[in-house]
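J.: Quick one: the structure is below, and I'll ask about it shortly.
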Amino acid sequence: MSDTPIDLDALRQRIDGLDGEILRLISERAQCAGQVAKVKTDSDPDAVFYRPEREAQVLRRIMALNQGPLDAEEMARLFREIMSACLALEKPVKVAYLGPEGTFTQQAALKHFGESAVSLPMAAIDEVFREVEAGAVNYGVVPVENSTEGVVNHTLDSFMDSSMRICGEVVLRIHHHLLVSSNTRRDKVSRVYSHPQSFAQCRKWLDAHYPHAERVPVSSNAEAAKLVKTEWHSAAIAGDMAAKLYDLEKIAETIEDRPDNSTRFLIIGNQDVPASGEDKTSIVVAMRNQPGALHDLLEPFHRHQIDLTRLETRPSRSGVWNYVFFIDFSGHRDDARVAAVLEEVQLRCAELKVLGSYPVGVL
Ligand SMILES: C=C(O[C@@H]1C=C(C(=O)O)C=C[C@H]1O)C(=O)O
């Protein structure tokens, strides 16, 4: 072992050299991105710097090129942050999300835009829509479906009244923990706070471990975490961000009933996103109530072999149409096959709104 210090020194020297090179390359990349921004504003003073389709392509390319030892997603996350910092050099992206601070929606916003984005908490989903519509922020992030608990109806309803478009999606693995403040003992927990969706996602675990604790639903997991900060004998079910934000102790980790528990979030904005090569389209369709209506609506998708990834029904609020369907499917509205289907659907329904075509979530 006598030669270990020499090896260590040599390795550290090599790492210093590599870091210098990485530093130089990242700076050069940032300069290039700055030049791209200049080209964009020269041709259009109102140009948007942020290009979701280009970012998706950059990340997919990195993942395909990666040969380890870091795994492809880890590497993409590093590049996500480099891009985020490059973009912020021009103008940090401003993003409104369903708050308060510490929610999974904030985590989704940072996963999608990187840590250099400025993220602003909103009290409700329709407020996120309004902030984007008013131009106070560039984008909004809202939850849309959970793999255990299903659809977030507020988000679908907001799309019915809004002209906002979908610019992206992000899927987050959701891990819940049981959190307490430092002066609460795990055997003294008599009350648990959380969001109703989180209670539903951890129902079996709670039944097994805290069957007698009172379950108190609150407006968000972050709110639950905030409450237990100052209350004895209470615990919160929330995620890592809330635990860190309120400095709480995890007395049980990953307590969700299903190991694949994940939530899908949508990025909303004012922008039509060009094709990235692997895209999805979301539409909302109003139908008259007549026999075979749903079959007629879906038949063109089947005939053109387009994959439906989600279908939701909401009651129509206008009173004129009986059904409103939210449909997600593979492909971009500029693809010939998708364009043909949209034309046919348009003829069969009372109203069709394309909410957006956007890159399939990369990270
Ligand atoms: C540099 C560009 O602009 C932004 C920055 C990107 C980057 O750093 O790679 C990618 C897309 C845009 O959000 C570009 O459009 O190429």
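The values are calculated or read from the model by the stated rules, or taken from the named source; none is laboratory data. Here the structure is a predicted model, which is why all the values come from computation and not from measurement. Neighbour counts run over all protein chains shown; Cβ positions are idealised from the backbone, glycine included.
J.: Would you tally the residues in the stretch 235-247 being at negative phi, of a type outside the set (G, A, S) and not in a helix (DSSP H, G or I)?
T.: Adding up the residues that qualify gives 2.
J.: Moving on to the next point. Let me spell it out: the conditions are (1) surrounded by 23 or more Cβ atoms within 10 Å (Cβ to Cβ); (2) in contact with an Asp or Glu (Cβ under 9 Å, 6 or more places away or on another chain), and V95 meets all of them except one. Which number is the exception?
T.: (2)
J.: Also: Mind counting the residues in the stretch 50-59 that are near the ligand (Cβ under 6 Å from one of its atoms) and of a type outside the set (D, E)?
T.: 4
J.: Any idea how many residues of the stretch 31-44 are charged (D, E, K, R) and within 11 Å of the ligand (Cβ to nearest atom)?
T.: 2
J.: Output the residue which, of all residues in the stretch 77-103 that are at pLDDT 90 or above and touching a strand residue (DSSP E or B) at 6+ places or on another chain (Cβ under 9 Å), is nearest to R130 (Cα to Cα).
T.: Filtering first and then ranking leaves A96.
J.: Still on this model: Here are some residues: G239, G292. Which one is surrounded by fewer than 19 Cβ atoms within 10 Å (Cβ to Cβ) and either at pLDDT below 90 or not assigned by TED's automatic domain parsing to the domain that holds V151 (or both)?
T.: Testing whether each residue is surrounded by fewer than 19 Cβ atoms within 10 Å (Cβ to Cβ) and either at pLDDT below 90 or not assigned by TED's automatic domain parsing to the domain that holds V151 (or both) leaves just G292.
J.: Further question: Failed condition for I283, given (1) under 30 Å from A117 (Cα atoms); (2) in a strand (DSSP E or B); (3) touching a Pro at 6+ places or on another chain (Cβ under 9 Å), with all others met?
T.: That leaves (3) as the condition not met.
J.: Scan the stretch 155-166 and tell me whether some residue there is assigned to a strand (DSSP E or B), outside the structural domain of D247 (by TED's automatic domain parsing) and surrounded by 16 or more Cβ atoms within 10 Å (Cβ to Cβ).
T.: yes
J.: So in the stretch 158-199, with the set limited to residues that are of a type in the set (D, E) and at pLDDT below 90, which one is nearest to A108 (Cα to Cα)?
T.: D161
J.: Moving on. Could you list, in sequence order, all residues of the stretch 314-341 that are in a helix (DSSP H, G or I) and surrounded by 17 or more Cβ atoms within 10 Å (Cβ to Cβ)?
T.: V338, V341 - these are the residues of the stretch 314-341 that are in a helix (DSSP H, G or I) and surrounded by 17 or more Cβ atoms within 10 Å (Cβ to Cβ).
J.: Here's something else I'd like to know. Looking for something part of a helix (DSSP H, G or I), within 15 Å of the ligand (Cβ to nearest atom) and in contact (Cβ under 8 Å) with a residue 24 or more places away in the chain - is there at least one such residue anywhere in the stretch 115-132?
T.: No, every residue in the stretch 115-132 fails to be part of a helix (DSSP H, G or I), within 15 Å of the ligand (Cβ to nearest atom) and in contact (Cβ under 8 Å) with a residue 24 or more places away in the chain.
J.: Where the second residue is within 10 Å of the ligand (Cβ to nearest atom) and part of a helix (DSSP H, G or I) and the first is in contact (Cβ under 8 Å) with a residue 60 or more places away in the chain and within 16 Å of R60 (Cα to Cα) and lies in the stretch 75-90, which pairs have Cβ atoms under 6 Å and are six or more apart or on separate chains?
T.: A76/L59
J.: Moving to a separate point now. Which one of A72, A76, A64 is surrounded by fewer than 11 Cβ atoms within 10 Å (Cβ to Cβ), closer than 23 Å to K280 by Cα and either small (G, A, S) or more than 13 Å from the ligand (Cβ to nearest atom) (or both)?
T.: Answer to the selection: A64.
J.: In this structure, is E351 among the acidic types (D, E) and either modelled with pLDDT under 95 or assigned by TED's automatic domain parsing to the domain that holds S163 (or both)?
T.: yes
J.: Among the residues of the stretch 341-363, which ones are hydrophobic (A, V, I, L, M, F, W, C), farther than 15 Å from A56 by Cβ and in contact (Cβ under 8 Å) with a residue 40 or more places away in the chain?
T.: V341, L342, V345, C349, A350, L352, V354, L355
J.: Could you please give the count of residues in the stretch 133-149 that are assigned to a loop (DSSP other than H, G, I, E, B), in contact (Cβ under 8 Å) with a residue 60 or more places away in the chain and in contact with a helix residue (DSSP H, G or I) (Cβ under 8 Å, 6 or more places away or on another chain)?
T.: Residues flagged as assigned to a loop (DSSP other than H, G, I, E, B), in contact (Cβ under 8 Å) with a residue 60 or more places away in the chain and in contact with a helix residue (DSSP H, G or I) (Cβ under 8 Å, 6 or more places away or on another chain) within the stretch 133-149 amount to 2.
J.: Hey, another quick one. Which is without any contact (Cβ under 8 Å) to a residue 24 or more places away in the chain, more than 13 Å from the ligand (Cβ to nearest atom) and surrounded by fewer than 15 Cβ atoms within 10 Å (Cβ to Cβ), of E28, E21?
T.: After applying the criteria, what remains is E21.
J.: Now for a separate question. Run A47 past the list (1) within 16 Å of the ligand (Cβ to nearest atom); (2) buried (at least 16 other Cβ atoms within 10 Å of the Cβ); (3) among the small types (G, A, S) and report the number of the one that doesn't hold.
T.: Status for A47: all satisfied but (2).
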